[in-house]
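Chemist: First, the structure itself, so that you have it in front of you.
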Amino acid sequence: MPPERMAAIQERVTRSFTNEGISFTLYDEDEATERIIPIDAIPRVVPHDEWLTIESGLKQRVSALNRFLHDVYHDAQIVKDGVIPVDIVKSCPQYRLEMHRVTTPNDVYVGICGSDIVRTNDGYRVLEDNLRVPSGVSYMIANRRAVKSNMPRIFRQNNVMEVEQYGRYLFETLRELTWTQTSEPSIALLTPGIFNAAFYEHVFLAHEIGAALVEGQDLVVNDGFVYMRTTTGLRKVDVIYRRLDDDFIDPLTFRRDSALGVPGLMHAFKLGNVSLVNAPGTGVADDKSVYVYVPDMIRYYLSEEPILQNVDTFMCRRPKDLEYTLDNLDKLVVKTVGGSGGYGMLIGPQATIKERSDYAQGIRDDPENFIAQPLLELSRSPCWIDGALRPRCVDLRPFILQGAETRIVSGAFCRVALPEGSYVVNSSQGGGGKDVWVVRD
Amino acid sequence: MLARSAECLYWMGRYLERTEHLCQLLGVQIGALIDRPVRELTFGWHRIYKHLRETPPSSSQKEEFSFTDDESLADAYTLTDDLTFEPNNKYSIWSCFAQSRENARQVRHCISEDMWSSLNLSYLRVRDATLADIWQDEPEQFYVDLVRDVNTFFGMASVSMYRDEGWDFLQLGKTIEHLQLRVNLLAIQSQDSIPLPSDGTRDFEWTSILNAYRASGAYQQNYGVDISADDALDMLVSNADLPNSLMYAITRTDERIRDLDIAPDAKSGDSALRFSGRLKSLVAHEWPDTDDRTRMLVLIGNLADRLHDQIAEAWFNYRNENASRQF
């Protein structure tokens with residue numbers, strides 16, 4: 001394709017995002033700014049056979065994670081059998097005592113999972129699982145719509161698999177996760193509000209599944225049931241797709257100062273009068289210390305070998321790993337176990353001596369709070385930047401839906417580290433996105 | 001529909017109507033800068049600010065509108081900027097667009113993509129413009145284009161929006177805002193506290209209002225070419241066929257409220273119905289015979305304010321204890 005044509009396509013795709021207001025909110029010290037998420041018009045191509053491996057690996061992983069969550073909040077057999085040390089689980093801030101003996105429809109705790117996958121020299125590996133409120137699926141669909149409409153001929157010629165059915169899959173999943181499993185459940189999507197970074201996505205998904213987009217102030221708990229305030233009175237809610245962290249969902253159970261949540265929500269949830277997707281307490285399974293044990297969980301619960309491998313991880317709580325980490329900070333990426341969004345991590349090879357020294361002190365002070373991983377040679381994908389094709393690091397975030405059955409669309413949100421030399425793909429730190437074409441022969 | 005979503009749609013309608021109204025007035029006011037006497041211009045600015053219940057920026061207030069042409073032009077620039085681009089002025093066009101867009105962002109799932117794109121593009125155009133840009137050439141055209149943008153938005157709504165409660169609340173917000181702004185403006189225009197011009201008539205002032213409300217043609221059809229203050233006011237208040245009249249807005253408001261389901265706070269819902277009925281009856285039966293038109297306009301304005309309060313109480317801010325429950 002001639003450069004002028006590629007430039008024109010890139011310009012149109014970018015403009016369509018601006019015109020449609022496909023945004024995220026960026027926070028600095030003083031204010032929140034609505035930003036258009038950068039999109040690169042050149043899709044990332046994933047061959048279908050590679051995708052099948054990813055898909056089956058993720059289904060296996062989510063199945064094991066749900067089994068783990070049920071187990072850890074009931075008999076904790078995996079701990080008793082010594083597969084996972086008890087202190088790893090109990091010291092995790094996302095482990096919620098309030099979830100003890102709480103069951104969920106179909107024993108599903110994680111209905112929606114977004115796992116980050118990177119392609120290394122050894123194939124695809126899972127970098128982390130996002131099991132609380134994973135975001136990015138709206139950008140997957142928005143990227144597809146923008147690229148498809150601006151490159152229709154190329155799209156048609158390449159036998160690309162669709163992603164548009166995600167909304168239908170999500171609706172079906174939420175329906176299967178209601179206790180009544182009625183054909184027309186009353187669904188509410190609980191958002192922290194317009195100032196949340198992912199608010200665009202919340203609106204997008206509410207539209208896709210025909211849900212009411214509610215804030216905490218729109219819900220009320222009465223006689224153990226949850227109602228939303230409508231223009232005709234109070235209407236009972238069957239299932240809440242919550243995009244609010246555990247800490248904030250119910251001030252009577254979790255953080256008392258939360259003005260975003262619904263007093264009494266956990267009570268209604270425990271009575272089985274409303275479903276929460278994802279369930280509270282799922283964060284214990286995506287803690288970076290627990291992540292190390294996911295392959296063991298797969299072997300333990302499913303008696304299978306993991307299809308997708310983890311990235312090698314050093315747990316600073318282990319003396320040997322701590323020593324290795326401190327001796328090799330210039331070669332490692334170090335993260336806090338509960339961190340997200342690319343914040344609070346150290347990319348050793350790119351850090352100054354002083355930054356490494358300061359970070360090392362933090363690790364020594366609280367080793368249990370850190371893990372380290374080798375700096376991966378992430379796969380690079382061609383991007384159209386400043387009028388030319390340039391390689392940039394990318395990852396993949398596919399979304400797995402677990403209800404009575406497991407569903408996954410053949411596509412993902414591909415995050416791109418746009419600044420030259422950057423390994424950080426998070427949109428909050430200058431990352432952008434691109435469409436993913438799973439291509440059948 | 002979620003009560004908060006309905007409220008967002010209601011306010012979206014209000015802010016967009018406010019935008020259109022202000023653009024119409026500013027378009028006429030800026031057009032008048034070309035050849036109208038300073039006194040008329042001064043009165044025009046005064047009318048705009050006073051009916052919004054706002055005070056002009058301090059410099060112009062202090063000078064109380066200079067009566068030399070040069071100074072008045074400089075002042076016009078400041079005032080136009082304040083009413084168009086000033087983010088701290090809650091009535092500026094920028095603020096109205098920003099507020100309507102913020103409301104629209106919250107209910108994107110309740111409106112069509114066409115409506116959202118139309119509003120977002122208009123907002124971006126206003127956000128990226130400055131008065132220096134538009135003042136260079138054809139500032140009037142800027143306001144004409146914005147009025148078209150608002151009309152395009154409502155046109156998009158009329159062809160793409162599902163006729164559920166969301167539609168009703170969007171339209172209700174539009175008509176209530178229409179009513180409140182216009183009745184305030186007419187009350188200011190009709191009061192006697194402002195000195196008469198040297199020619200002893202207010203003809204141009206009424207002509208400018210008729211132009212702003214695109215009612216000049218209808219006036220000529222009904223009353224001929226000579227502008228009479230009484231006839232102009234009468235038409236702008238009570239002519240049910242004129243889209244910019246009070247009666248038109250009152251009738252549409254009444255229809256919308258009757259179309260809505262019974263309110264969760266039934267008592268406030270009944271009050272809203274009573275107020276809209278009272279407004280209709282006031283304009284249809286009492287307006288023609290009143291001796292004190294200014295007082296009557298103030299009464300209509302007060303009723304419109306109370307109607308807004310009752311709508312909010314009945315459908316948006318009701319007490320949970322008063323509401324029925326649906327399983």
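Chemist: Note the per residue figure in Å³ for the convex hull of the C-alpha positions in chain A.
Modeler: Working: hull volume 68.8 nm³, N = 441.
About 156 Å³ per residue, rounded to a whole number.
Chemist: Kirkwood Rh and Cα-based Rg: tell me the resulting Rg over Rh for chain B, rounded to two decimals.
Modeler: Using Cα coordinates only, the ratio equals 0.98.
Chemist: Return the subset of A:80/A:335; A:80/A:288; A:148/A:331; A:270/A:434; A:148/A:335 for which the Cα-Cα distance in this structure is over 30 Å, preserving the input order. Don't skip to the answer; put the middle values down first.
Modeler: Details: A:80/A:335 28 Å; A:80/A:288 21 Å; A:148/A:331 40 Å; A:270/A:434 40 Å; A:148/A:335 37 Å.
From the list (A:80/A:335; A:80/A:288; A:148/A:331; A:270/A:434; A:148/A:335), the Cα-Cα distance tops 30 Å for A:148/A:331; A:270/A:434; A:148/A:335.
Chemist: Quick one: angle between helix B:266-281 and the longest Cα principal axis of chain B, in degrees between 0 and 90, rounded to 10, please.
Modeler: The answer is roughly 40 degrees.
Chemist: Given 25 °C and 0.890 mPa s, how large is the Stokes-Einstein diffusion coefficient of the range A:1-121 in µm²/s, with Rh as the Kirkwood radius over Cα pairs?
Modeler: Using the Kirkwood radius from Cα pairs, D works out to 127 µm²/s.
Chemist: In percent, how large is the relative contact order of chain B, given Cα pairs closer than 8 Å and 6 or more residues apart?
Modeler: 23
Chemist: Please compute the Kirkwood hydrodynamic radius of the range A:215-354 from all pairs of different C-alpha atoms, in Å with one decimal.
Modeler: Over the range A:215-354, the inverse of the mean reciprocal pair distance is 18.5 Å.
Chemist: Determine the shape class of the range A:205-246: with a ≥ b ≥ c the square roots of the Cα gyration tensor eigenvalues, call it rounded for a/c under 1.5, and otherwise prolate if a/b is greater than b/c, oblate otherwise.
Modeler: Values: a/c = 1.87, a/b = 1.26, b/c = 1.49.
The shape class here is oblate.
Chemist: Roughly what angle does helix B:229-238 make with the longest principal axis of chain B, taking Cα atoms, 0 to 90 degrees, to the nearest 10?
Modeler: Once rounded, one gets 10 degrees.
Chemist: To continue, here is another question. Do the sum for chain B: with -39,500 (n - 2.57) for every DSSP H run of n ≥ 4, divided by all residues, what is the mean residue ellipticity at 222 nm, to the nearest 500 deg cm²/dmol?
Modeler: -23000 deg cm²/dmol
Chemist: Turning to a different aspect of this structure: Over all residues in A:206-214, what is the mean tally of Cβ atoms on other chains that come within 10 Å of each residue's Cβ?
Modeler: For peptide A:206-214, the averaged partner shielding equals 4.
Chemist: Something else: Specify which residue in the list A:265, A:373, A:200 is farthest towards the positive end of the charge dipole of the protein assembly as shown, using unit charges on the beta carbon of Lys, Arg (+1) and Asp, Glu (-1), about the Cα centre.
Modeler: Toward the positive end, the furthest listed residue is A:373.
Chemist: Here's a follow-up. Counting only DSSP beta bridges with both residues in the protein assembly as shown, what percent are antiparallel, rounded to the nearest 5?
Modeler: On the way: 52 of 72 bridges.
Antiparallel: roughly 70 percent of the beta bridges in the protein assembly as shown.
Chemist: Further question on the same structure: Under 22 Å between alpha carbons, and skipping anything fewer than 8 positions from residue B:267 in its own chain: which lysines qualify?
Modeler: Qualifying lysines at Cα under 22 Å: B:280.
Chemist: Using only the alpha carbons of the protein assembly as shown, determine the length spanned along each of the three principal axes and report them from longest to shortest in whole angstroms.
Modeler: Taking max minus min along each principal axis of the Cα atoms, the protein assembly as shown gives 97, 61, 54 Å.
Chemist: Moving to a separate point now. Can you pull the accessible area of residue B:122 for me, 1.4 Å probe, Å² to the nearest 10?
Modeler: 10
Chemist: Restricting everything to alpha-carbon atoms, can you work out Rg to Rh for the range A:64-145 with a Kirkwood hydrodynamic radius? Write down the numbers at each step before the final one.
Modeler: Values: Rg = 15.9 Å, Rh = 15.1 Å.
Checking Rg against Rh, the ratio lands at 1.06.
Chemist: Same structure, new question: Which order, highest average first, do B:313-322, A:383-392 follow once you tally other Cβ atoms within 10 Å for each residue and take the mean per peptide? Write out the running numbers ahead of the final one.
Modeler: Details: B:313-322: 17.5, A:383-392: 14.9.
Answer by packing, highest mean first, reads B:313-322, A:383-392.
Chemist: Leaving ligands, DNA and RNA out of it, work out the accessible area of residue B:96 with a 1.4 Å probe and give it in Å² to the nearest 10.
Modeler: Approximately 0 Å² of residue B:96 is accessible to the 1.4 Å probe.
Chemist: Here's a follow-up. Show me B:253-263, A:188-198 ranked by packing, highest mean number of other Cβ atoms within 10 Å first.
Modeler: A:188-198, B:253-263
Chemist: Further question: How do the peptides B:128-138, B:174-184, B:149-159, A:287-297 rank, highest first, by the average count of neighbouring beta carbon atoms within 10 Å per residue?
Modeler: Answer by packing, highest mean first, reads B:174-184, A:287-297, B:149-159, B:128-138.
Chemist: Can you give me the C-alpha center-to-center distance between the range A:38-82 and the range A:366-415, rounded to a whole angstrom?
Modeler: 14
Chemist: Separate question: Once whole DSSP H runs in chain A are found, which of them have Cα atoms spread over 30 Å or more along the helix axis and a mean Kyte-Doolittle score of at least -0.5?
Modeler: A:48-72
Chemist: What is the list of residues in the range A:226-247 whose amide nitrogen lies under 14 Å from a point 7 angstrom out from the Cα of residue A:182, following Cα to Cβ?
Modeler: Residues passing the 14 Å test: A:226-228, A:234-240.
Chemist: Then there is this: On the principal axes of its Cα set, how long, how wide and how thick is the range B:205-327? Give whole Å, largest value first.
Modeler: 62, 28, 22
Chemist: State, to one decimal in nm, how far the label point of residue B:211 lies from the label point of residue B:88, with both points 7 Å from Cα in the Cβ direction.
Modeler: 3.3
Chemist: Scale the Cα Rg of the range A:312-374 by the rule-of-thumb value 2.2 N^0.38 Å and send over the ratio, two decimals.
Modeler: 0.96
Chemist: Per-residue ellipticity at 222 nm for chain A, helices alone: DSSP H runs ≥ 4 residues times -39500 (n - 2.57), over residue total, nearest 500 deg cm²/dmol?
Modeler: Value at 222 nm, helices only: -9000 deg cm²/dmol.
Chemist: Please list 3J(HN,Hα) in residue order for the range A:223-230, calculated via the Karplus relation 6.51 cos²θ - 1.76 cosθ + 1.60 where θ = phi - 60°; whole Hz, with x for glycine and proline.
Modeler: The phi angles translate into 6, x, 10, 9, 10, 10, 7, 10 Hz.
Chemist: What are the residues whose amide H is under 5 Å from the amide H of residue B:161, where those residues sit 5 or more places off or on another chain and H is modelled from the backbone?
Modeler: none
Chemist: So, one more: Against the empirical 2.2 N^0.38 Å scaling, what ratio does the C-alpha Rg of the range B:134-281 come to? Mind showing how you got there, number by number?
Modeler: Numbers: Rg = 18.2 Å, N = 148, 2.2 N^0.38 = 14.7 Å.
Compactness ratio reported: 1.24.
Chemist: Take every residue in peptide A:255-261, count the Cβ atoms of other chains within 10 Å of its Cβ, and give the average of those counts.
Modeler: 0
Chemist: Given a 1.4 Å probe and the protein chains all in place, what does the accessible area of residue B:101 round to, in Å² to the nearest 10?
Modeler: Accessible area of residue B:101: about 10 Å².
Chemist: Averaged across B:251-263, how many Cβ atoms of other chains sit within 10 Å of each residue's Cβ atom? List each step's numbers first, then the result.
Modeler: Values: counts 0, 0, 0, 0, 0, 0, 0, 0, 0, 2, 4, 3, 3.
Average neighbour count from other chains, rounded to a whole number: 1.
The values are calculated or read from the model by the stated rules, or taken from the named source; none is laboratory data. Note that the structure is predicted; figures quoted are calculated from it, not measured. Every residue, glycine as well, gets a Cβ built from its backbone with ideal geometry; the counts of neighbours run over all protein chains shown. What goes into the accessible areas is simple: the full protein's heavy atoms, side chains included, and nothing from ligands, DNA or RNA. Shrake-Rupley method; radii C 1.70, N 1.55, O 1.52, S 1.80 Å.
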